[in-house]
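Please treat every number below as a calculation from the coordinates, not as lab data. Keep in mind it's a predicted model, so treat the numbers as computed, not measured. Every residue, glycine as well, gets a Cβ built from its backbone with ideal geometry; the counts of neighbours run over all protein chains shown.
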Amino acid sequence: MKRFSLICLLAAIIFCSPLKTFAWGQQGHRITGQIADSYLNSKARKAIQAILGNESIAMASTWADFIKSDSTYNYLYNWHFVDFDRVYSLPEMQAHLLQDTTVNAYTKVQFLVAELKKKTLPQDKKLLYLRVLIHLVEDVHQPFHTGRESDKGGNDVKLIWMGNPSNLHSVWDSQLIDFQQLSYTEYAASINFTTAAQRTEWQKASIINWIYESHELAQKIYADTKPDDKLGYRYNFKYIGIVNQQLVKGGVHLAGLLNEIFG
């Protein structure tokens, strides 16, 4: 009985911890990776296979979360998000990020892209940097990885999801996606319907544009979701379309970036 009580106490401590969680969850990352894979050109596909071997983009996409329990990679913690201390317009965000030198998803995506374009980069670095790049590009399409610094991207906004304690970040990270009860391959196949014109238009957008779109979405969701809200079927109905849009856009943007680097 004492052991059971201790386990419950530890679980409560973990749940209540203010640490930032990582976006998307496994499903979201793999869905986006699966979509990106479908839009690679042949040259990029060959180059990526030479780096990843038998590992698919979908499976590589979760590596940066898989290793978070290994203290060797603690330096990656702040790479997963770019939070803001206020609401930014697009010109303000462009000015802010272009002179930003802090460690965040934006500055590290820029770093990884530049490194992966180097012809002399060692194989072990290629593997590390490609896995992390895939993950970070997907991360910035989750609105609450571009959210408020003050609440750790929605982690401190405690609420109820389908009758259980949760927080705003977790709902968008994984719970909305998991509620659909699809495998990542089924999910990707069910939403991956884009035209060539759409893909061309989306791939014109810069990384700053991706972040700004997510930041805008986060502000709208913040305004509509309050602490202690009880979220359920109505919330799922209202927002699953936005979740799906971000998963698809993330895949298309990722494919465009990988084609640019390797194609």
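Of note:
- For the chain, adding -39500 (n - 2.57) for each run of n ≥ 4 DSSP H residues and dividing by the number of residues yields -17500 deg cm²/dmol at 222 nm.
- Relative contact order of the chain, pairs being alpha-carbon contacts under 8 Å that are 6 or more residues apart, as %: 32
- Kirkwood Rh in Å, taken over all unlike Cα pairs in region 20-262: 18.1
- Modelled FRET efficiency - R0 35 Å, Phe66 with Ser150, Cβ distances, 0.05 increments: 0.75
- Most mobile of Ser174, Ser61, Ser150 in a GNM of the chain (Cα contacts under 10 Å): Ser150
- Sorted ascending by nearby beta carbons within 10 Å, beginning with the fewest, Tyr88, Tyr233 become Tyr233, Tyr88.
- Cβ-based exposure ranking for Met59, Met162, in which fewest neighbours within 10 Å come first: Met162, Met59
- Within straight-line cross-link reach of Lys220, lysines at Cα separation under 21 Å, skipping those fewer than 8 residues along the same chain: Lys20, Lys152, Lys158, Lys230, Lys238, Lys249
- Binned Cα-Cα distance frequencies in region 161-217 - 10 Å width, integer %: 18, 31, 40, 10, 1
- For Lys46, a cut-off of 15 angstrom between C-alpha atoms picks up these aspartates and glutamates, skipping any fewer than 8 places away in its own chain: Asp37, Glu55, Glu260.
- Summarised as an ellipsoid, region 22-164 has semi-axes of 27, 20, 15 Å, derived from the eigenvalues of the Cα gyration tensor scaled by 5 and square-rooted, with the largest first.
- Ellipsoid equivalent to region 52-113 - semi-axes via the Cα gyration tensor, in Å: 28, 14, 10
- Residue order for Asp70, Asp37, fewest other beta carbons within 10 angstrom first, comes to Asp70, Asp37.
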